[in-house]
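Visitor: The structure that follows is given in the form of structure tokens.
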Amino acid sequence: MVEDSYLFGRIKELLGEITQKPQGALVHHSDKKVAAAALMVEAAGMDDDFGPEEREKIIELIQSRLGLSAEDGVELLSLAEEKAGSSSQLFAFTRVINDSHSPEERTEFMEMMWEVVYADGELHHYEANLMRRIAGLLYVSDRDNGDARKKALARLGLKG
């Protein structure tokens, strides 16, 4: 029982909704937005080079697809960087996405993820491996994942 309460508390901490702004104002981020951003950060950092192209792409996607302002996008990215980091968190983040999104939305999310990993113009083998793992955890078929990848490449003007 003690382990269960610890685990529940740890998951709650990982997916926490409230972050403190420097001025002391509270900003609320939904679990699904934090999970989405954290997975994007995880993907961007798989090649050990979380560069400005990837940061800009994540903020752009947060704004355009998650509907946040530029300021909130930067804040969510910062929070996501704090939350990302271990493979055990991957399951928790993908579970939030699974529980709150339809199969079509999860495929669209994979498209966003592909945009992030290709933001620097190349796909590292660690990034490819992570994308396969995330697609599996999100129950996105290989075909749908492949289509999402092609759409992302086309949007970025890259050849696959």
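The values are calculated or read from the model by the stated rules, or taken from the named source; none is laboratory data. Bear in mind that the values here come from a model prediction, so they are computed numbers and not experimental data. In this analysis, Cβ positions are derived from the backbone assuming ideal geometry, glycine residues included, and neighbour counts consider all displayed protein chains. Quick note on the areas: whole protein, heavy atoms, side chains included, nothing else; ligands and nucleic acids left out. Shrake-Rupley method; radii C 1.70, N 1.55, O 1.52, S 1.80 Å.
Visitor: Each residue of segment 98-112 in turn: what ³J(HN,Hα) in whole Hz from Karplus with 6.51, -1.76, 1.60 and θ = phi - 60°, glycine and Pro shown as x?
Guide: Per residue, the Karplus-derived 3J(HN,Hα) values read 4, 6, 10, 9, 6, x, 5, 5, 5, 5, 5, 5, 4, 4, 4 Hz.
Visitor: With 26 Å as the limit, write out which pairs from K32/K159; K33/K151; K33/K159; K57/K159 have Cα-Cα distances beyond it, or answer none.
Guide: Distance filter (> 26 Å) returns K32/K159; K33/K159.
Visitor: Additional query: Check each of the GluC sites (Glu not before Pro) in segment 54-145 and keep only those in coil by DSSP with at most 14 other C-beta atoms within 10 angstrom; list them in order.
Guide: E122
Visitor: Still on this model: Provide the gained length on full extension for the span N98 to Q63, in nm with one decimal, where the gain is 0.36 nm per separating residue minus the Cα-Cα distance.
Guide: Here the segment from N98 to Q63 would lengthen by 10.5 nm.
Visitor: Additional query: What are the chymotrypsin sites (Phe, Trp or Tyr not before Pro) within segment 114-160 that DSSP puts in a loop, where the Cβ has at most 15 other Cβ atoms within 10 Å?
Guide: Taking segment 114-160 and a limit of 15 other Cβ atoms within 10 Å, the loop chymotrypsin sites (Phe, Trp or Tyr not before Pro) found are Y139.
Visitor: Using a 1.4 Å probe and counting only protein heavy atoms, arrange R155, R143 so the residue with the most accessible area comes first.
Guide: Reading off the accessible areas and sorting them downward yields R143, R155.
Visitor: Would you mind pulling out the separation of the Cα centroids of segment 52-115 and segment 117-147, in Å?
Guide: 14 Å
Visitor: So, one more: Short version: ³J(HN,Hα) in whole Hz for each residue of segment 33-47, in order, from phi by Karplus 6.51 cos²θ - 1.76 cosθ + 1.60 (θ = phi - 60°), x for Gly and Pro, what are they?
Guide: With coefficients 6.51, -1.76 and 1.60, one gets 6, 5, 4, 4, 5, 5, 5, 5, 4, 4, 5, 5, x, 5, 8 Hz.
Visitor: How much length is gained on full extension from A70 to H125, taking 0.36 nm per residue of separation minus their Cα-Cα distance?
Guide: 16.7 nm
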